[in-house]
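Only one structure is covered here, and it is reproduced in the block below.
The values are calculated or read from the model by the stated rules, or taken from the named source; none is laboratory data. Bear in mind that the values here come from a model prediction, so they are computed numbers and not experimental data. Cβ sites come from the backbone with ideal geometry, for glycine too, and all protein chains shown count toward neighbours. Ligands, DNA and RNA are excluded from the accessible area calculation, which covers all protein heavy atoms including side chains. Shrake-Rupley method; radii C 1.70, N 1.55, O 1.52, S 1.80 Å.
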Amino acid sequence: MPITIADVAAKAGVSKTTVSRVLNGKGELGEATAARVRRVIDELGYVPSARAVGLARGRTRIVGMLVPSLTWPWMGEVLQGAVDVIEANRYGLLLFTCNRGEESMRQFASQVSAKSFDGLLVIEPEGTLDYIAELHHHGLPIVLIDDRGNQPLFPAVATTNHTGGAQAARHLLSLGRRRPLVITGMERFGCTQQRLAGFRDTFAAAGFPVAPDLVALGDFTFECGRQAVREAMARDIAFDAVFAHNDLSAAGAIKAAHEAGLDVPRDVAVVGFDDIPLAAHTDPPLTTVHQPLRQMGETAARMLMSFFAGTPLPDTPNVIPTSLIVRASTAAT
């Protein structure tokens, strides 16, 4: 059986509170009492848990993280970035998902009430932004990893979705592509609107406005990319490029092009968005807008760590720029 704080207290003839004060250097204690407790700790080989010490100090040394699901293609990159920083600072991570909807959120709320963690990282489960903002308003330190262009009124890490769309457009224009099929994400997401606007604005400025029939509403899935290309071809809509709002739908577009006997990139150049690990392994490897996913996780976690050390959380979003990664799916013809 492991030695407990109660065992130390009993042998030293003091209360558990007194042992806790000795461990944390708190309270008015006589030197003789403190020395006796320390001697018993050594004799018994008692090792206090980090959580027990943290609780005595008013800290759990745990960071909570709330995410919609672990199945999203880029989720692992964000999580790894956050975990690297959290563990390097000797904190633990308590992860919550929203796989069960309201039931998941009730469980999460119970942990908030129990003060089970010192601060929270969030990739917003859809429809919870107001609730998260309220938690921040009531004093819970929160950093949003903003993948949707929400621009919340509390600390956030974001990226340059509008610029990313423009980067994709400039690349396709430089290759002489003039009729791009755009496969969007869900229309209600700010990132979808920003990526589309950046892309459209750049093509329009070059004198090649994107026609409405070249914009296909998608949902970030492989199948939506595949179906968008199939439908465009069935309707005899001519296109020489595809800009998909994420890599998964770009992979679907490549699949449909191959099924139709088109060569990528000779007949159709394809650009994605995110630069998830899959992007380097499609056939051909996918040119994509690199969203700094791991860096976003690292930066958000670092903001919380700095807050715990006494640095206020910033009032404005920490914006990390996108960059274009050119691979064989857009090789010059």
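Residue count for the range 305-333 under the criterion of being open to solvent by less than 80 Å² (accessible area, probe 1.4 Å), more than 17 Å from the chain's Cα centre (by Cα), within 12 Å of Phe154 (Cβ to Cβ) and not hydrophobic (A, V, I, L, M, F, W, C): the result is 1. Sub-8 Å Cβ pairs linking a first residue in the range 251-264 that is outside any helix (DSSP H, G or I) to a second residue that is open to solvent by 50 Å² or more (accessible area, probe 1.4 Å) and not basic (Lys, Arg), at least 6 apart or interchain, are Ala260/Met233; Val264/His258, ordered by first then second residue. Only one entry of Pro265, Pro285 meets the criterion of being surrounded by fewer than 21 Cβ atoms within 10 Å (Cβ to Cβ), modelled with pLDDT of 95 or more and of a type outside the set (Gly, Ala, Ser), and that entry is Pro285. Within the range 59-83, residues that are more than 10 Å from Phe117 (Cβ to Cβ) have Cβ atoms under 8 Å from residues that are open to solvent by 50 Å² or more (accessible area, probe 1.4 Å) and basic (Lys, Arg) in these pairs: Glu77/Arg294; Val78/Arg294; Gln80/Arg294; Gly81/Arg294, counting only partners at least 6 apart in sequence or on another chain. Might you check whether a residue that is buried (at least 18 other Cβ atoms within 10 Å of the Cβ) and either modelled with pLDDT under 95 or assigned to a helix (DSSP H, G or I) (or both) occurs anywhere in the range 236-246? No, the conditions are met nowhere in the range 236-246.
The test for being over 30 Å from Ala234 (Cβ atoms), in a helix (DSSP H, G or I) and of a type in the set (S, T, N, Q) does not hold for Gln193.
Restricting attention to the range 91-117 and to residues that are closer than 17 Å to Arg61 by Cα and assigned to a helix (DSSP H, G or I), the residue that is least open to solvent (accessible area, probe 1.4 Å) turns out to be Val112.
Could you list, in sequence order, the residues of the range 136-153 that are over 12 Å from Leu121 (Cα atoms) and either assigned to a loop (DSSP other than H, G, I, E, B) or among the hydrophobic types (A, V, I, L, M, F, W, C) (or both)? Scanning the range 136-153 gives His138, Gly139, Asp147, Arg148, Gly149, Asn150, Gln151, Pro152, Leu153. Here Arg302 passes the criteria (1) touching a helix residue (DSSP H, G or I) at 6+ places or on another chain (Cβ under 9 Å); (2) open to solvent by 20 Å² or more (accessible area, probe 1.4 Å); (3) within 23 Å of Ala228 (Cα to Cα); (4) in contact (Cβ under 8 Å) with a residue 60 or more places away in the chain except the one numbered (3).
Being surrounded by fewer than 21 Cβ atoms within 10 Å (Cβ to Cβ), modelled with pLDDT under 95 and among the basic types (Lys, Arg) narrows it down to one residue among Arg200, Arg188; which is it?
Numbers: Arg200 fails: modelled with pLDDT under 95.
Only one candidate qualifies: Arg188.
Kindly check whether there is at least one residue in the range 163-179 that is assigned to a helix (DSSP H, G or I), among the polar types (S, T, N, Q) and open to solvent by 50 Å² or more (accessible area, probe 1.4 Å). Full working, then the answer.
Quick first cut of the range 163-179, residues assigned to a helix (DSSP H, G or I) only: 163-174.
If we keep only those that are among the polar types (S, T, N, Q) as well, we get 163, 167, 174.
Filter once more, keeping what is open to solvent by 50 Å² or more (accessible area, probe 1.4 Å): 163, 174.
Yes, the conditions are met somewhere in the range 163-179.
Have a look at Arg61, Arg57 and point out the one that is modelled with pLDDT of 85 or more, farther than 30 Å from Pro277 by Cα, charged (D, E, K, R) and surrounded by 12 or more Cβ atoms within 10 Å (Cβ to Cβ). Before you say what the answer is, go through the steps one by one.
Details: Arg57 fails: modelled with pLDDT of 85 or more.
Result of the check over Arg61, Arg57: Arg61.
Thr299 meets the conditions (1) β-branched (Val, Ile, Thr); (2) assigned to a helix (DSSP H, G or I); (3) more than 21 Å from the chain's Cα centre (by Cα) in every case but one. The failed one is (3).
The rows are residues; the columns are (1) more than 19 Å from the chain's Cα centre (by Cα); (2) over 27 Å from Gly185 (Cα atoms); (3) modelled with pLDDT of 90 or more.
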position: Arg100; (1), (2), (3): yes, no, no
position: Phe108; (1), (2), (3): no, yes, no
position: Val112; (1), (2), (3): yes, yes, no
position: Ser116; (1), (2), (3): yes, yes, no
position: Leu129; (1), (2), (3): no, no, no
position: His137; (1), (2), (3): yes, yes, no
position: Ile142; (1), (2), (3): no, no, yes
position: Pro152; (1), (2), (3): no, no, no
position: Thr160; (1), (2), (3): no, no, yes
